[in-house]
1. Taking every residue in A:184-192, how many Cβ atoms of other protein chains lie within 10 Å of its Cβ, on average?
2. Beyond 28 Å between alpha-carbons counts as too far, so tell me which of A:LYS91/A:LYS205; A:LYS309/C:LYS262; B:LYS13/B:LYS195 fall in that bin.
3. Could you give the Stokes-Einstein D for region D:71-177 in µm² per second, using the C-alpha Kirkwood radius, 10 °C, 1.306 mPa s?
4. Residues with amide H under 5 Å of A:LYS85's amide H, sequence separation 5 or more or different chain, H placed in the peptide plane at 1.01 Å from N; which?
5. Please find, among residues of chain D, the one with the beta carbon closest to the rotation axis relating it to chain C, distance in whole Å.
6. Under the definition of Cα pairs under 8 Å and six or more residues apart, what whole-number percent is the relative contact order of region B:233-394?
7. Please compute the contact order of chain A in relative form: average sequence separation of alpha-carbon pairs under 8 Å and at least six residues apart, divided by the residue count, as a percent.
8. Once you list every other residue whose beta carbon is under 11 Å from the beta carbon of A:CYS322, what net charge do they have if Lys and Arg are +1 and Asp and Glu are -1?
Amino acid sequence: MRLYEFEGKMLFKRKKIPVPEGVVIDKDTISELDKVFYPVVIKAQVFAGGRGKAGIIQFAQNRLEAEKKIIELLGKKHGPFVIEKVLVERKLDIEQELYIAALIDRIAHKPLLMLCLQGGVDIEEIAKANPGAIRKYYFNAGEKLFEFQAKRIAGELGFSSDLFSGVANVIFNLYNLFIDYECKLAEINPLVITKDRKVFALDAKVDLDEDAMFRHPDLREMGIVARNEIGELTEREKIAKAAGIPYADVDPEGDIGVFPGGAGFGIAALDLITHYGGRPSNFMDSGGAPTQEKLKAMLGLLMDNPKVKVIFGARFGGISRCDDWAKAVVQYILENKPQKPMIMRMAGNMEEEGRKIFEEAKKEHPELFKNIKIYAYDTPIEEVIKEAIRVAKETT
Amino acid sequence: MRLYEFEGKMLFKRKKIPVPEGVVIDKDTISELDKVFYPVVIKAQVFAGGRGKAGIIQFAQNRLEAEKKIIELLGKKHGPFVIEKVLVERKLDIEQELYIAALIDRIAHKPLLMLCLQGGVDIEEIAKANPGAIRKYYFNAGEKLFEFQAKRIAGELGFSSDLFSGVANVIFNLYNLFIDYECKLAEINPLVITKDRKVFALDAKVDLDEDAMFRHPDLREMGIVARNEIGELTEREKIAKAAGIPYADVDPEGDIGVFPGGAGFGIAALDLITHYGGRPSNFMDSGGAPTQEKLKAMLGLLMDNPKVKVIFGARFGGISRCDDWAKAVVQYILENKPQKPMIMRMAGNMEEEGRKIFEEAKKEHPELFKNIKIYAYDTPIEEVIKEAIRVAKETT
Amino acid sequence: MAILIDNNTKTIVQGITGANAALHTKLMLEYGTKIVGGVTPGKGGQRVEGVPVYDTVAQCLKEHPDATVSSIWVPARFAKEAILEAIDAGIKVVVVITERIPIHDMLYVREKAKEKGVTVIGGNTPGVISPGKCLVGMLPKIAFQPGRVGTVARSGAVTYYIANSLNLAGLGESTSVGLGGDPILGSNFEDILKLFEQDPETDAIVMAGEIGGVYEELAAPYIKQMKKPVIAYITGKSAPQGKRLGHAGAIIEGNMGTADSKIEALKNNGALIAETLSEIPVLVKKALRIG
Amino acid sequence: MAILIDNNTKTIVQGITGANAALHTKLMLEYGTKIVGGVTPGKGGQRVEGVPVYDTVAQCLKEHPDATVSSIWVPARFAKEAILEAIDAGIKVVVVITERIPIHDMLYVREKAKEKGVTVIGGNTPGVISPGKCLVGMLPKIAFQPGRVGTVARSGAVTYYIANSLNLAGLGESTSVGLGGDPILGSNFEDILKLFEQDPETDAIVMAGEIGGVYEELAAPYIKQMKKPVIAYITGKSAPQGKRLGHAGAIIEGNMGTADSKIEALKNNGALIAETLSEIPVLVKKALRIG
């Protein structure tokens, strides 16, 4: 889970990493500008990179100028994100920009500390052009840094003694923040040295492991909670999110609603439908063992989409049982009496029990099930997909 | 630093080790007895062992009986300790007594977890008679226990499943308390299993490392601070303690006041004086590099002791410099004009500077220094001791 | 032989008293898997589907010293401890069904497993099956038939559809391995490919990857060295791009992580690329010159 | 040769800018000790008594790769880090002057030192001296003369009085080692006795212990195997008994820890027991058949 810059800097402060003095301002708290020393830098709080080039990092010499620029920024869009907050910080006189990051190296499968004496927006170019400029230190999983290790690294970077302790301190605290909060990434770019020889984290990029957040209740106390990392959502995506369904519109003109099992086949289904000339409307993931309510909400999302002409459904029962799935689908049909055809396939664990549920429901309500087909193990999934595409094309 | 049972149990509660419900009562808080469920056990809070045999653990069926017994206990002496507090706990129906301790094994130089299926007052006898009854598990320094390790150990002890989780929980939490609070010892004897199959720490013996307490400010917040672990002090010992001087009266009739350097030679001096037929009055330790004030207070303690006829002093300057020592002694003499003879020896670092200080003072105030002798490197220390003994015998 | 599990494998189930684990214990037993014991702390002495339950893995292995494989079904917050307990007790293959295990936990577990020479599969794996011999996990038996194609996939359902697709074309599986869906896995494609390459009962391997992560690209150089044909199926060409891990991610992982980067790396190292599920058996047969 | 330090030893001083360390740097240099560098984080580039100061031990050793011995003068709460830094950087002998180091810190340091084959002396040691050759620590030079008796003692002042006593009797020291006064030490009597037993410049060893702890008793079995005579001086017969470490202490340590238990263990294993300081040179001469 990515944190906003100002949230990352809250964590930095807790861990004694120096950050410039600043305040967070939204449309209701512009009076906070009284607390700042000018000149200031005004930084839009959004996830997308390239803020400098996009003009959503601004400078102001005084309160009047700051207020004017902030009012311009708030509500403006940057990529898919709407700027709701800005961070206003005292402007520093910068002498040098460095790069430092602690992250999980998914190739080496180890925690990694990376440093570079050149930091800033071009760090990826620097890394490409001169890989040797990036120093890398690998550590054992879960182990915190000793102070002496941070010092040794600061010493190897060759800082003069007046900066030594400041840099060693940032190395020590950033890495241990990374371990303590179980981050995927804790990055400072740039870490700056000011003209008066002080060290500050000018930016903060922290990415937390959602699956470890249960161990860090203090994050919630700090107001750091789940957020929208994708940017603006469609109306349907908002409904899905409210229902706890991983869902994304992939083609606004897509006429095949995809009702898959897990995320893995959800992705594969998009490729296969596209491959055979169909237009899938959405990505969706039922997760591990979805509840009846969730499965019904998923179906509802697709049925309510006016562009969707046919539902393609698939359940290969592993941990998610076919009978549970069948129950939910049948209930949805009985409750909502949908008109759209459903072309589906069901196989795997508890398949027999599932099939019985469908058959009985169909016997009682044949008219409700006349457009609903449930294929089994012996029909290749791609034949089912092709049929769904055909039905979509035939439906006007 | 040893903790009282009730303090140990405060730590246990923090670390989720179950202890019987109870209240701590002193002479001002007897009304707390209203909060207890009867019958109760009343336990005097003193450091000395053997409380059961000494009759300072009592039982009471009701409030009236409890109050009567507590009033009898409070103020009573047990060995060198005065009973100032009692711990009153609900009496448990005990089915089995176990022993568990986490400690630093000074022989193996490793943290050690020890368990025995028989606990109670006879644990040392059990260990002697049947060493195999004590299970020992060694761990790496500073590493906390994983839950699976605590479970494995609980499993190896062979508890039935209804007790398994309770015992594993105590193993896990006691060992991690030992690591987290940097204890020398965290001992539960007995750990009991009640007739209704619950696990409780009936006693708590926690010994902290004084030198690590700076890392545990929460102890102070809990009211756990430095205490008198020795028992009743003599008046002189109280004065010394207030001045921060490690001091002990060793012989109430001793006529040689011992004014040594560090603790090591302080101990040796007692042996040597005794060996040569003298009677040392005290043990004393000037510590690393004592301040002038401290050295003067040390001398004052000895001078003010009416039994002391002569001061034996010795400084072999290592980290403690001879000149600092000389300065303090001279100042004391000038300020207090003591009459008692001082037989001393000074050698080591900054010896020359120290000697100059004595000589100049003596030149200015010859009458004050007439009973004061300062030997040097070339007089064996034992000759100096012998002279002090001689002078003591000669002084009436 | 197959890989990881076979006819003779004795397995245990950690977290056996949970509802899912109990259900799949039943299904595994029905399939013929030899489950000798289960573990749930504090529930020792009970039985689940006739399988004796112990408080610890160590106690279980004391009674059943020939058990070498464990499957883990405990909630995510207990998974690290459970896997470490299995490793500590001497289990050789740990199949981690549990999903969404904290990343730093999994890194730690990987290190300890490596030190002890233990194979960890998953987390978030549907399990492993050597059809007709042994099933560890929750894969649906109907999807698999005995045969000589090894399969390994990140997604559970894709694992089933691939086997289904092979079987409908008259092929079967030596072993099918669910690599797992969590971001950090106990074993990656390369680890499993190495086992298949050594397995005399496997003639060809199907590997199925998807957008995100780096495991597909990392396996590519090894594929070049392999004697057996590898058929790769990579999904996610039509999926929206995932988020990036800051500058740091780009510095370390470069351009890895897209469906195209994976397909290119695999193709350039000799893997045959299947565009669809139905193409998989066609390519296998072609590679093995069958029919 | 002597043990631990000699003519050729190059040493560094950690915490050199502190007042005590600076004073003793001066005294060591005056004695002839080759101090090639000092370390205080953030003070790199300064000089103390002409000795260049570095921010880290690693930087210091980069400039002075032949330094093998470090003395530690930092405050107790930084001692663990300082010792680990020395070990990590490749120092072979670490002399820990700092006193009252937390016990768990010292246990950890001992483990790491052992892994890397590093000798740690102290904490709370006055240091080590090979008279006329090298002094590391704060021992007063006047107390020591070159000679062929090795000494090792727990107390600083007792170390000085023993050497003083030997010298006044015409004997001298090969090396005098302050074992240290802290409860958990980097090296114990046995470790140092082994070095003296191997040292061709040492003929006899004086060891001085005191009430409390177990190091004297632990050395006894080794003394039995030694070829060289050991004269032991144990103080504390007249001292009040210290406190005990619960039942656990008694279970592990039995009756160890009193002056009598130490004297008995040492005597039974062949050590000669000196009752007083002046008896020490008498026993040394007797053992070596001198004069």
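Values quoted throughout were computed directly from the atomic coordinates according to the rules given, and no laboratory measurement underlies them. Just so it is clear, the structure is predicted and the values come from calculations on it, not from any experiment. Every residue, glycine as well, gets a Cβ built from its backbone with ideal geometry; the counts of neighbours run over all protein chains shown.
1. Rounded to a whole number, the mean comes out at 3.
2. Violating the 28 Å limit, Cα to Cα: A:LYS309/C:LYS262.
3. 111 µm²/s
4. For A:LYS85, whose amide H was placed from the backbone, the distant partners under 5 Å are A:GLN45.
5. D:GLU115, 8
6. 23 percent
7. Once divided by the residue count of chain A, the mean separation gives 13 percent.
8. Taking every other residue near A:CYS322 into account, the sum is +1.
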